[in-house]
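First the structure, in the form of structure tokens, and then the observations on it.
The values are calculated or read from the model by the stated rules, or taken from the named source; none is laboratory data. Treat the numbers as computed from the prediction; the structure is a model and nothing was measured. Cβ: placed from backbone, ideal geometry, glycine included. Neighbour counts: every protein chain shown.
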Amino acid sequence: MIGYYVHHQGRGHLHRAVCVARHARVPVTGLSSLPRPDDWRGEWIRLPMDTGDTAGRPAGAADPTARGRLHWAPLHHEGLRGRTGAIADWAARTGPRLLVSDVSVEVALLARLMGVPVVVAAMRGDRFDPAHRLGYDLAEALLAPWPGAMPEPGWPRHWLDKTLHTGAFSRYDGRPRPPAPSPAPTREAVVLLGAGGSGVGADDLRRAADATPGWTWTFLGGADGGRWTDDPWPLLCRADVVVTHAGQNAVAECAAARTPAVVVPQERPHDEQRATARALRSADLATVCATWPAPGEWQGILDRAAKRDGDRWSLWAPGDGARLAARLLDDLAGAEPGERRAPCASR
């Protein structure tokens with residue numbers, strides 16, 4: 001049995017877990033505050049939320065970081081107790097061979113304290129704070145959903161030695177492209193903002209669209225101005241350019257569609273999206289803008305982006321990353337206690 005903890009922020013962690021679990025031979029149990037996805041094949045443990053009310057105490061008195069050593073462990077929090085208790089009860093009841101944390105240092109630490117080997121889903125950005133160092137250090141392996149040829153700078157050797165670089169992967173890997181539509185009188189820009197917060201408002205989108213004659217804009221997700229769709233694949237494939245943030249999942253879906261992209265990183269903890277954007281710019285895989293462009297800049301940006309060769313996305317997302325990740329989990333879950341197996345070859 002493998003446990004897979006799925007963080008509830010956004011939808012990228014969930015999509016990634018579904019992709020990996022689908023290819024695993026060992027049964028996988030999901031652990032998350034999110035509802036069970038329709039296409040999840042194994043058990044799903046719905047966890048209490050660990051945010052919100054802290055028993056009436058001011059936020060400053062709750063010490064959520066344990067004096068800077070953790071990320072989120074507020075004192076006297078009923079939701080946190082229920083959450084960790086549910087995970088501990090599941091582990092004690094089932095005796096899992098492995099737990100994947102995507103992502104929570106506290107969940108990784110809880111599992112390891114119960115004697116369960118841990119695999120941590122790595123993330124780009126500055127992960128050198130005490131909590132991240134603890135989580136990465138205690139892991140049996142790190143799963144890095146980006147190419148090894150585009151590494152995160154400054155990682156210590158003992159992290160790299162146990163890292164599997166899978167390349168980016170998404171729920172659309174291997175899915176056929178829909179038939180090409182008939183030529184349209186205008187080109188189309190699809191804006192993919194997702195559920196994790198974008199910092200881009202409806203007025204920003206409207207002004208950009210108004211400033212780009214010859215382009216039709218389709219807005220997906222975000223707090224303002226866009227509709228939500230559970231399956232943006234047809235829209236990503238028909239687009240001439242996708243405009244998106246630099247979240248791992250959003251970029252992976254653009255890459256799967258092999259559609260040229262304009263990437264505008266958003267503010268995230270530890271500069272995660274800015275680190276991804278730097279990697280994309282360095283490899284010349286996307287048109288990267290440090291901030292949301294002014295309306296008058298969009299015409300030139302879209303015209304230049306549309307000339308990109310979408311097939312270069314294969315350098316970022318070869319298409320078999322989820323299979324490689326699942327193979328690693330199966331191998332580690334099959335290892336005898338005390339035996340550590342090195343990750344299979346990274347990309």
For region 253-287, which residues satisfy the criterion of being under 15 Å from Leu193 (Cβ atoms) and not in a loop (DSSP other than H, G, I, E, B)?
Glu253, Cys254, Ala261, Val262, Val263, Gln273
Can you pull out every residue in region 127-174 that is part of a helix (DSSP H, G or I) and free of Cβ contacts under 8 Å to residues at least 60 places away in the same chain?
Arg133, Gly135, Tyr136, Asp137, Leu138, Arg157, His158, Trp159, Leu160
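If a residue has to be of a type in the set (A, V, I, L, M) and in a loop (DSSP other than H, G, I, E, B) to count, how many in region 243-252 make the cut? So that I can check it myself, show each step before the final result.
Our first condition is that a residue be of a type in the set (A, V, I, L, M); within region 243-252, this holds for 243, 246, 250-252.
The next check asks that each one be in a loop (DSSP other than H, G, I, E, B); those that pass are 246.
Residues that pass the stated criteria total 1.
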Matching residues, region 123-174, being surrounded by fewer than 23 Cβ atoms within 10 Å (Cβ to Cβ) and on the phi > 0 side of the Ramachandran plot
Gly125, Gly154, Gly174
Might you let me know whether region 294-313 holds any residue that is farther than 30 Å from Lys162 by Cα, assigned by TED's automatic domain parsing to the domain that holds Pro265, not in a helix (DSSP H, G or I) and not basic (Lys, Arg)?
yes
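So which of Asp231, Asp224 is within 18 Å of the chain's Cα centre (by Cα), modelled with pLDDT under 95, farther than 16 Å from Trp313 by Cβ and surrounded by fewer than 24 Cβ atoms within 10 Å (Cβ to Cβ)?
Details: Asp224 fails: within 18 Å of the chain's Cα centre (by Cα).
One residue alone meets the criteria, Asp231.
Could you identify the single residue in Val116, Val105, Val100 that is under 20 Å from Ser32 (Cβ atoms) and touching a Gly at 6+ places or on another chain (Cβ under 6 Å)? Walk me through how you get there before you give the answer.
Working: Val116 fails: touching a Gly at 6+ places or on another chain (Cβ under 6 Å); Val100 fails: touching a Gly at 6+ places or on another chain (Cβ under 6 Å).
The match here is Val105.
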Could you look through region 300-335, keep only residues that are surrounded by fewer than 19 Cβ atoms within 10 Å (Cβ to Cβ) and in contact with a Phe, Trp or Tyr (Cβ under 8 Å, 6 or more places away or on another chain), and pick out the one that is nearest to Ala211 (Cα to Cα)?
Gly319
Any residue at all in region 285-307 that's in contact (Cβ under 8 Å) with a residue 12 or more places away in the chain and closer than 19 Å to Asp231 by Cα?
no
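Looking at this structure, is Gly79 at pLDDT below 95, loosely packed, with under 14 Cβ neighbours inside 10 Å and in the same structural domain as Arg133 (by TED's automatic domain parsing)? Steps first, please.
Details: at pLDDT below 95: yes; loosely packed, with under 14 Cβ neighbours inside 10 Å: no; in the same structural domain as Arg133 (by TED's automatic domain parsing): yes.
When the stated conditions are applied, Gly79 does not pass them.
Before we move on, is Arg127 over 23 Å from Pro48 (Cβ atoms) and either among the hydroxyl-bearing types (Ser, Thr, Tyr) or in contact with a helix residue (DSSP H, G or I) (Cβ under 7 Å, 6 or more places away or on another chain) (or both)?
Values: over 23 Å from Pro48 (Cβ atoms): yes; either among the hydroxyl-bearing types (Ser, Thr, Tyr) or in contact with a helix residue (DSSP H, G or I) (Cβ under 7 Å, 6 or more places away or on another chain) (or both): yes.
So Arg127 fits the description; yes.
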Matching residues in region 59-116 - criterion: being of a type in the set (Ser, Thr, Tyr), in a loop (DSSP other than H, G, I, E, B) and within 24 Å of Ala17 (Cα to Cα)
Ser104
Would you call Ala122 in contact (Cβ under 8 Å) with a residue 12 or more places away in the chain, under 19 Å from the mean Cα position of the chain (by Cα) and more than 26 Å from Thr51 (Cβ to Cβ)?
no
